[in-house]
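Take a look at the structure set out below.
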Ligand SMILES: [Zn+2]
């Protein structure tokens, strides 16, 4: 049988989503499978069973990443990896991450039940501790790619336990973490299917987004100085109001982002002294910009730096993550996969980070998005129709079959 005609078992995928959906469900309707909680571990065990049933050899590594492997015709080739996560934020949904892992399993099941192997070995990875409930988030993929910072182990999580204590309590041996590191070139390609979380696909009625890159972000801190004074007795023309300057800058961020086709957000403002009867003497503000093209963000930054100078503010960049550009061969294969699965698709960037960000440091990556209702995620309202889930899994299946031939 020609693999181009394979489809995933949609009923089985829907069943597995529902089965996992019985674990960690709170009375309020949200999911509580926070990293390394009992519900998270129970969910992980359940998914390991799904992997075995689908025909994979399953191991749980030193960081509690589950790796399901389906041998290739040439098992010495580096694997094509499909991954995501099944942990949730507190009161999260049952699709964020989950759909990526279960779609990978659905893909392997489709190959296995048709007695087919690809040229490359396939690995489906359920990464541990992706949500930022664990310090820094993306714990498992950080460890696997050699980006875990030991300093995070001393941070307090949940109640009064350090992250180290939590990991040791569930059985993770810290000294063994470095043994699972994978080197550059040891993975042929990484593909992650995820709910979009942005609402564009849902609003436009499009089945699949092929992700051409994950936006980078930069974060900045500014301090605007003025002179605190009596709000009743100081005439309007003799004021030096720090908040009025900051307000002009807030509008400047919005206009600059619009001008350059990126997104920009002022997220915090701290007004000192902060009383209704005192003219603000100083304002600390932080904002971020995100975009797919570093040179465009450079220009936006230049414009806002000079604006901050006009307003006599200090300007400091405190965080900078460069964008990740998807691999063109994978993107083309995923587009071909959508066409073969007869699904309407659009090429689009990802506005959020994923395990794919870390995997990009060791191999070529790309992602697929499926529409989730109104773009709502990290919420008990998070929802994907069964049809949207199955469509995404079919696009992934056909995309990976194509990719296997192209690399
Ligand atoms: Zn996720």
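Rule-based calculations on the coordinates, nothing more; no lab input. All values reported here derive from a predicted model rather than from experimental measurement. Glycine gets a Cβ as well: all are built from the backbone with ideal geometry, and neighbour counts include every protein chain shown.
For the pair residue 258 and residue 147, how long in nm is the line joining their label points, each one 7 Å along Cα→Cβ?
If labels sit at residue 258 and residue 147, their model points lie 3.4 nm apart.
So, R0 is 56 Å and r is the distance between the beta-carbons of residue 9 and residue 248; what FRET efficiency does that work out to, to 0.05?
Details: r = 58 Å, r/R0 = 1.03.
FRET efficiency, residue 9 to residue 248: 0.45.
Gain in length, residue 288 to residue 25, computed as 0.36 nm per residue apart minus the alpha-carbon separation, to one decimal in nm?
Numbers: separation 263, 0.36 × 263 = 94.68 nm, distance 3.38 nm.
Length gained, residue 288 through residue 25: 91.3 nm.
If you stretched the chain out fully between residue 180 and residue 113, how much longer would it get, using 0.36 nm times the residue separation minus the C-alpha to C-alpha distance? Intermediate results must be reported in sequence, preceding the final value.
Numbers: separation 67, 0.36 × 67 = 24.12 nm, distance 3.05 nm.
Length difference between fully extended and current span is 21.1 nm.
Measuring from centroid to centroid over Cα atoms, what is the spacing of segment 254-268 and segment 135-162 in Å?
Answer, in whole Å: 31.
On the first, second and third principal axes, largest extent first, how far apart are the outermost C-alpha atoms of segment 155-274 in Å?
Dimensions of segment 155-274 along the principal axes of its Cα atoms: 67, 45, 28 Å.
How far, in degrees from 0 to 90, does helix 10-20 lean away from the longest principal axis of the Cα atoms of the chain, to the nearest 10?
60 degrees
With the chain treated as a Gaussian network of Cα nodes joined by springs under 10 Å, which of 61, 312, 27 yields the largest mean-square fluctuation?
27
Please report Rg over Rh for the chain, where both radii come from the alpha carbon positions and Rh follows the Kirkwood definition. Mind showing how you got there, number by number?
Details: Rg = 23.8 Å, Rh = 22.8 Å.
Radius of gyration relative to Kirkwood radius: 1.04.
Antiparallel versus total DSSP beta bridges in the chain: what percent is that, nearest 5? Spell out each step's value before the answer.
Details: 46 of 67 bridges.
Given both bridge residues lie in the chain, the antiparallel proportion sits at roughly 70 percent.
Taking Cα centroids, how far is segment 46-125 from segment 215-242 in Å?
One Cα centre to the other: 53 Å.
So what's the convex hull volume per residue for the Cα atoms of segment 216-321, in Å³? Display every interim value, and only then the final one.
Working: hull volume 9.2 nm³, N = 106.
Cα-based convex hull of segment 216-321, divided per residue, equals 86 Å³.
Counting pairs of alpha carbon atoms under 8 Å apart in space and at least six apart in sequence, what relative contact order in percent does the chain give?
On the way: 941 pairs, mean separation 89.1, N = 407.
About 22 percent, as a whole number.
Taking a label point 7 Å from the Cα of residue 2 along the Cα→Cβ vector, which residues of segment 370-399 have an amide N closer than 20 Å to it?
Correct set: 394-399.
On a 0 to 90 degree scale, rounded to 10, what angle separates helix 98-113 from the longest Cα axis of the chain?
20 degrees
Quickly rank 275-281, 326-332, 350-356 as a protection proxy: mean count of other C-beta atoms within 10 Å, highest first.
Working: 275-281: 14.9, 326-332: 19.3, 350-356: 22.4.
The packing order, highest mean first, is 350-356, 326-332, 275-281.
Quick one: check the C-alpha center-to-center distance for segment 386-407 versus segment 348-367, whole angstrom.
Centre-to-centre distance over Cα atoms comes out at 17 Å.
Helix-derived [θ] at 222 nm for the chain: sum -39500 (n - 2.57) over DSSP H runs of at least 4, divide by residue count, nearest 500?
Helix contribution divided over all residues of the chain: -10500 deg cm²/dmol.
As an exercise, use a Förster radius of 25 Å and the Cβ-Cβ distance of residue 38 and residue 164 to find the FRET efficiency, rounded to the nearest 0.05. Before the final figure, lay out each step's value.
On the way: r = 19 Å, r/R0 = 0.76.
That pair, residue 38 with residue 164, gives E of 0.85.
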